[in-house]
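Note sheet for the following structure.
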Amino acid sequence: MMFLSIIAALMLDSAAVDTAKVEEGWKFTTVDSVAITPVKDQNRSSTCWAFSTLGFLESEVLRIKGKEVDFSEMFVVSKTMMDRATYCVRLYNEPRFAPGGSAYDVIYCMGHYGLVPQQAMPGIRYGWTKNDTLPVHSELDHVAGGYLKGLSGLKRISPVWREGLQAIYDTYLGPCPESFEYEGKSYTPQSFVESLGLNPDDYVSITSYTHHPFYTRFALEVPDNWRMDQMYNVPMEDMMRIIDNAISNGYTLAWGADVSEIGFTRKGIGVVPDDDNGADITGSDMAKWVGMSADKKKEELTKKPLPEKTITQQMRQDAYDNWETTDDHGMQIFGTATDQNGKKYYMIKNSWGTMRSDYKGIWYVSEAFMQYKTNDVLVHKDALPKDLRKKLGL
């Protein structure tokens with residue numbers, strides 16, 4: 001009996017991502033999938049940008065070297081937040097000093113400081129087992145933010161203010177190692193990157209907005225792009241072509257997106273339901289629908305496949321311009337799937353642990369959601385279709 005129970009559990013586990021069916025009425029079948037490393041949990045820390053982009057780079061190492069590596073997120077966080085603080089101080093604290101970041105922050109860190117494995121800098125102190133158990137990162141963000149705020153209004157600052165702030169990050173996250181042992185060899189953060197075959201110059205950011213000319217580069221105007229990463233601007237159709245071409249050729253993408261929409265659920269679904277016609281598409285009585293709470297409407301609109309809005313380039317632009325699309329969250333795109341009706345979805349690795357969705361940390365996002373709510377993607381330049389590489393001068 002025990003043996004049969006174990007077999008049954010294993011069968012359920014192996015089918016969780018390939019073909020997933022839950023009580024809300026969703027059923028997904030994988031079409032194409034690129035190798036990823038295990039799902040992690042950022043907990044309540046504002047570090048999705050580090051988790052998602054390092055997950056992307058871990059897949060790159062799988063693709064290039066065929067080996068699995070676990071990068072330290074907190075090494076990147078410490079380096080990036082010190083750079084962001086320096087930027088803010090040089091501008092008299094006019095920009096917002098905040099714990100967020102972008103995919104490019106990780107690429108910049110890799111190119112200028114290197115990367116380290118998780119074991120070289122766990123980023124967890126005092127026996128804590130989660131990034132925000134006590135809550136660590138909330139306290140760190142308040143303390144570091146207060147330190148920067150304390151510099152405001154001074155007529156002159158000392159040359160050692162960075163040492164004071166670095167001490168704060170070192171206290172909470174541990175110091176960034178200058179060298180370490182890994183699999184029997186000695187490395188610096190820079191030589192570790194070189195040993196893995198990663199080159200920061202190989203990665204490009206792609207976006208799609210009409211307030212700048214297509215097929216040129218510009219710095220997307222969102223708070224977390226404080227380094228002013230120059231992204232390649234392409235029409236929405238070409239952005240989707242890049243995503244599809246990458247997956248079909250064995251590449252994943254780091255994805256910057258807005259997840260504040262009614263169609264993005266905590267259960268692992270991302271859709272753009274036609275909420276303007278919610279009563280009709282859900283089969284609800286109009287009077288009952290009008291009286292529903294926002295949470296109940298969300299539940300009704302996302303419990304099974306329903307008609308979605310048709311997304312246009314203008315809709316993308318309008319949502320960006322009126323603050324409906326914000327730079328909320330970073331994740332990793334790694335595959336495609338279809339639902340029970342044959343409709344296409346993208347498979348997304350999130351960093352909210354394995355218990356917060358019905359698919360063990362994987363989200364299924366519709367084409368409409370990808371078109372509408374993508375801020376930008378980061379991808380290896382070789383993953384672009386050849387005609388677009390030529391057009392962009394890559």
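Read-outs throughout are calculated quantities, based only on the coordinates presented, and are distinct from any laboratory measurement. Computed from a predicted structure; not experimentally measured. Backbone-built Cβ (ideal geometry, glycine too); neighbour counts: all protein chains shown.
Residue by residue, the stretch 352-367 carries 3J(HN,Hα) couplings of 10, x, 9, 9, 9, 9, 6, 10, 6, x, 9, 10, 10, 10, 6, 4 Hz when phi is fed to the Karplus relation 6.51 cos²θ - 1.76 cosθ + 1.60 (θ = phi - 60°); x denotes Gly or Pro.
Other residues lying with their Cβ under 15 Å from the Cβ of Gln166 contribute a combined charge of -1, Lys and Arg counting +1, Asp and Glu -1. The calculated 222 nm mean residue ellipticity attributable to helices in the chain amounts to -12000 deg cm²/dmol, summing -39500 (n - 2.57) over DSSP H runs of n ≥ 4 and dividing by all residues.
On C-alpha positions alone, give me the angle between the axis of helix 2-18 and the longest principal axis of the chain, in degrees, nearest 10. For 2-18 against the chain, the angle is about 90 degrees.
For the chain, the dipole from Cβ point charges (+1 on Lys and Arg, -1 on Asp and Glu) about the Cα centre works out to 440 debye, to the nearest 20.
Remark on Phe71: its backbone amide H falls under 5 Å from those of Gln118, a criterion applied only to residues 5 or more positions apart or on other chains, H modelled at 1.01 Å from N. Residue-wise HN-Hα couplings along the stretch 228-239, as the Karplus relation 6.51 cos²θ - 1.76 cosθ + 1.60 with θ = phi - 60° gives them from phi, are 6, 4, 7, 9, 7, 9, 10, x, 3, 4, 6, 4 Hz; Gly and Pro carry x. Rounded to the nearest Hz, the phi-derived 3J(HN,Hα) couplings of the stretch 251-263 under the Karplus curve 6.51 cos²θ - 1.76 cosθ + 1.60 (θ = phi - 60°) are 10, 9, 9, 7, 10, x, 9, 9, 10, 8, 6, 4, x, where x marks glycine and proline. Helix 73-90 axis versus longest C-alpha principal axis of the chain: approximately 70°, rounded to the nearest ten. In debye, nearest 20, what is the charge dipole magnitude of the stretch 200-270 about its Cα centre with +1 on Lys and Arg Cβ and -1 on Asp and Glu Cβ, if you could check? Magnitude of the dipole: close to 180 debye.
Note on Ala167/Ile262: beta-carbon distance plugged into 1/(1 + (r/R0)^6) with R0 of 56 Å gives a FRET efficiency of 0.80. Using the Cβ of Phe214 as centre and a radius below 10 Å, the other residues enclosed give a net charge of 0, where K and R count +1 and D and E count -1. Amide H to amide H, with H built 1.01 Å from N, Lys27 comes under 5 Å of Gln340, counting only residues 5 or more places away or on other chains. Cut-off 20 Å, label point 7 angstrom out along Cα-to-Cβ of Val143: give me the residues of the stretch 93-108 whose amide nitrogen falls inside. Inside the label zone: 97-100.
Taking a Cβ cut-off of under 15 Å around Ser179, the surrounding Lys, Arg, Asp and Glu residues balance to a net charge of -3, with basic ones at +1 and acidic ones at -1.
A simple spin-label model places pseudo-atoms 7 Å from Cα toward Cβ; at Leu91 and Trp323 they are separated by 1.8 nm. Label sites at Glu194 and Arg125, each approximated as a point 7 angstrom past Cα along Cα to Cβ, lie 3.2 nm apart. Fully extending the segment from Glu181 to Arg44 would add 46.3 nm, taking 0.36 nm per residue of separation and subtracting the current Cα-Cα distance. Less than 5 angstrom separates the built amide H of Asp358 from those of Gly268, all sequence-distant by 5 or more or on a different chain.
Averaging Cα coordinates gives a centre for the stretch 60-124 and one for the stretch 147-206; these two points are 7 Å apart.
With neighbour counts taken as other beta-carbon atoms within 10 Å, the residues Phe51, Phe214 rank, fewest first, as Phe214, Phe51.
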